[in-house]
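Before anything else, here's the structure in question.
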Amino acid sequence: MKPNRSRPRLWTKDFSCITAATVLSAIGGEAMNLPISLLVFDKTQSTLLSAVILVCGMLPDMILPILIAPLIDKGGKKKWIVGLDILLACIYGAMGLWITGHAFSYGLYVIFTLIVGTVSVFYRLAYQAWYPDLIPAGAEQKGYSVSATLYPLVTILMAPVAAFLYERVSMGALFCAVAGLTLVSVVVEGCIREVQKPRAESYTLRQYRSDIREGFAYLKKEKGIRNIYTYMSITQGASVGVGVLTQAYYQTQPWLTVTMLGFLQSAEMIGRVLSGLFQYIREIPVKKRYSFTKLVYTFYDTMDAALLWMPLPLMLINRFLCGGLGCASATIRETAVQSYLPESMRARVYAFFDVMYSIGGVAFQLLAGLLGQLMPYRLAATCLGLVTLCSMFFLIVLPAKSNRPIYEAVRQTNPPESE
């Protein structure tokens, strides 16, 4: 008789809870991000000042991740997640109460963005290091397809709603509503069981310095990890820069509206959701991951460069296709990298990624803001798209020998599952 090889069950209690909490957080984030961006541009009429707000949210990522990653690798991730969500709820609530009785202040939104960006560094590293432990071994691609689908699905629903709320509801009320959603997510996160691992009685400064050196030593020998994350920092930074220019273009053209902008974002997210559902049902073979990824990156960067030259119907198709293929490549990348990385190195490697991402994001968002002041928005977006296309060739295509083993990695260990 053949042995019974049942497929691993993905939807354990822990995975279900982290999924629900992620949905609540995504709803809150989407409900605030677009209105804040629209408000700042409406009040300042400056792409540069709009970009500065986005940059402020990324400045903490330029140094903090490397400093705090060893602490997160050594400590309990659940405590970090729950505690930081409580702190975020307090910040959102206080901001909502304050702006209800005061006029718009650009400086206040700069300070708010810096504070939330700092808290988010801790939160994101703890979440990224904890999430793989909540996916049963053997169900990685399904798990990451769910993760990659959640945010797009929320955006499909919330992007037009957020644009509508911006025109109908006060910003103070929005902040308070998001604070309430965050507290609900705290309750859900509290239901997740965290497996406690043996740890030293104390964590000394000497051990801390040793852990930082160990992280750098690991990255020094892993050229493929460096290539992938460097490219991702460039393409994601440029993509956000294109987003800044796209928003300004929609707010300055008489034939376009912010509601249309919301539907443009929804088109991309519909593509992501459908792609995530497809990957949940059918996995991309390990040996084809690298070739598929190169094809997607080439298409995505080309479409970014051409986006604003298209009529609205083609823009919607552009974003739909980019959303679907982008979700597929992101799921493959996360599945491969998580399988490749040792568990003890996750937070430190993610810290490197966050630093690279923030450097790329700051550089390209400021560049997008400056280009938007110096040339037509469409031409500026094309320049950013072409830069990412060139970087993809040098960082992803040429160093195939270093990159391919990462994309073809398969996890070997089986972490404990919870029912």
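The values are calculated or read from the model by the stated rules, or taken from the named source; none is laboratory data. This structure is a prediction, so every number in the text was calculated from the model and none was measured. In this analysis, Cβ positions are derived from the backbone assuming ideal geometry, glycine residues included, and neighbour counts consider all displayed protein chains. Ligands, DNA and RNA are stripped out before the accessible areas are found, and what is left, the full protein with its side chains, is counted by its heavy atoms. Shrake-Rupley method; radii C 1.70, N 1.55, O 1.52, S 1.80 Å.
Hey, does the range 102-110 have a residue that's within 22 Å of the chain's Cα centre (by Cα), in a helix (DSSP H, G or I) and more than 18 Å from residue 176 (Cα to Cα)? Outline the logic, then answer.
To start, the set of residues in the range 102-110 that are within 22 Å of the chain's Cα centre (by Cα) comprises 109-110.
In the following step, the residues that additionally are in a helix (DSSP H, G or I) were identified as 109-110.
Next cut, more than 18 Å from residue 176 (Cα to Cα) only: 110.
Yes, the range 102-110 contains at least one residue that is within 22 Å of the chain's Cα centre (by Cα), in a helix (DSSP H, G or I) and more than 18 Å from residue 176 (Cα to Cα).
Here is a yes/no grid of residues against (1) modelled with pLDDT of 80 or more; (2) farther than 30 Å from residue 263 by Cα:
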position	(1), (2)
147	no, no
151	no, no
160	no, no
167	no, no
184	yes, no
205	no, yes
208	no, yes
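Now for a separate question. Kindly establish whether residue 371 is in a helix (DSSP H, G or I), farther than 19 Å from residue 65 by Cβ, in contact (Cβ under 8 Å) with a residue 40 or more places away in the chain and open to solvent by 50 Å² or more (accessible area, probe 1.4 Å). I'd like the intermediate steps shown before the answer.
Numbers: in a helix (DSSP H, G or I): yes; farther than 19 Å from residue 65 by Cβ: yes; in contact (Cβ under 8 Å) with a residue 40 or more places away in the chain: yes; open to solvent by 50 Å² or more (accessible area, probe 1.4 Å): no.
It is false that residue 371 is in a helix (DSSP H, G or I), farther than 19 Å from residue 65 by Cβ, in contact (Cβ under 8 Å) with a residue 40 or more places away in the chain and open to solvent by 50 Å² or more (accessible area, probe 1.4 Å).
Quick check: is even one residue across the range 399-414 free of Cβ contacts under 8 Å to residues at least 24 places away in the same chain and assigned to a helix (DSSP H, G or I)?
For the range 399-414, residues free of Cβ contacts under 8 Å to residues at least 24 places away in the same chain and assigned to a helix (DSSP H, G or I): present.
With respect to the numbered conditions (1) open to solvent by 10 Å² or more (accessible area, probe 1.4 Å); (2) modelled with pLDDT of 85 or more, which one is the sole condition not fulfilled by residue 81?
Result: residue 81 passes all but (1).
Does residue 99 meet the test of being closer than 22 Å to residue 27 by Cβ, open to solvent by 50 Å² or more (accessible area, probe 1.4 Å) and in contact with a helix residue (DSSP H, G or I) (Cβ under 7 Å, 6 or more places away or on another chain)? I'd like the intermediate steps shown before the answer.
On the way: closer than 22 Å to residue 27 by Cβ: yes; open to solvent by 50 Å² or more (accessible area, probe 1.4 Å): no; in contact with a helix residue (DSSP H, G or I) (Cβ under 7 Å, 6 or more places away or on another chain): yes.
Judged against the criteria, residue 99 is not a match.
Give me the residue from the range 20-41 that is among the hydroxyl-bearing types (Ser, Thr, Tyr) and under 15 Å from the mean Cα position of the chain (by Cα) and, out of that set, surrounded by the fewest Cβ atoms within 10 Å (Cβ to Cβ).
Step one: filter the range 20-41 for residues among the hydroxyl-bearing types (Ser, Thr, Tyr), giving 22, 25, 37.
Narrowing the set further to residues that are under 15 Å from the mean Cα position of the chain (by Cα) leaves 22, 25.
Values: 22: 20, 25: 25.
Out of the qualifying residues, it is 22.
Listed residues 53, 72; which is of a type in the set (A, V, I, L, M, F, W, C), farther than 27 Å from residue 163 by Cβ and not in a loop (DSSP other than H, G, I, E, B)?
Being of a type in the set (A, V, I, L, M, F, W, C), farther than 27 Å from residue 163 by Cβ and not in a loop (DSSP other than H, G, I, E, B) holds for just one of 53, 72, which is 72.
A follow-up question, please. Only one of these conditions is not met by residue 303: (1) open to solvent by 10 Å² or more (accessible area, probe 1.4 Å); (2) out of contact with any Cys (no Cβ under 9 Å at 6 or more places or on another chain); (3) closer than 24 Å to residue 253 by Cα. Which number is it?
(2)
To continue, here is another question. State all residues of the range 340-361 that are out of contact with any Gly (no Cβ under 7 Å at 6 or more places or on another chain), over 30 Å from residue 138 (Cβ atoms) and surrounded by 22 or more Cβ atoms within 10 Å (Cβ to Cβ); if no residue qualifies, say none.
356, 358
Of a type in the set (Lys, Arg) and buried (at least 22 other Cβ atoms within 10 Å of the Cβ) - does that describe any residue in the range 307-329? Write out each step before concluding.
Of the residues in the range 307-329, the ones of a type in the set (Lys, Arg) are 319.
Narrowing the set further to residues that are buried (at least 22 other Cβ atoms within 10 Å of the Cβ) leaves 319.
Yes, some residue in the range 307-329 is of a type in the set (Lys, Arg) and buried (at least 22 other Cβ atoms within 10 Å of the Cβ).
When the range 282-326 is examined, which residues are found to be within 18 Å of residue 377 (Cα to Cα) and among the hydroxyl-bearing types (Ser, Thr, Tyr)?
Result: 302, single match.
Among the numbered conditions (1) buried (at least 20 other Cβ atoms within 10 Å of the Cβ); (2) at pLDDT 90 or above, tell me where residue 334 comes up short.
Of (1) buried (at least 20 other Cβ atoms within 10 Å of the Cβ); (2) at pLDDT 90 or above, only one is false for residue 334: (2).
Okay, moving on. Output the number of the condition that residue 396 fails; it satisfies all remaining conditions of (1) in a helix (DSSP H, G or I); (2) modelled with pLDDT under 85; (3) within 30 Å of residue 131 (Cα to Cα).
Exception for residue 396: condition (2).
Quick one: in the range 118-171, of everything that is touching a Ser or Thr at 6+ places or on another chain (Cβ under 8 Å) and among the small types (Gly, Ala, Ser), which residue is surrounded by the fewest Cβ atoms within 10 Å (Cβ to Cβ)?
That would be 170.
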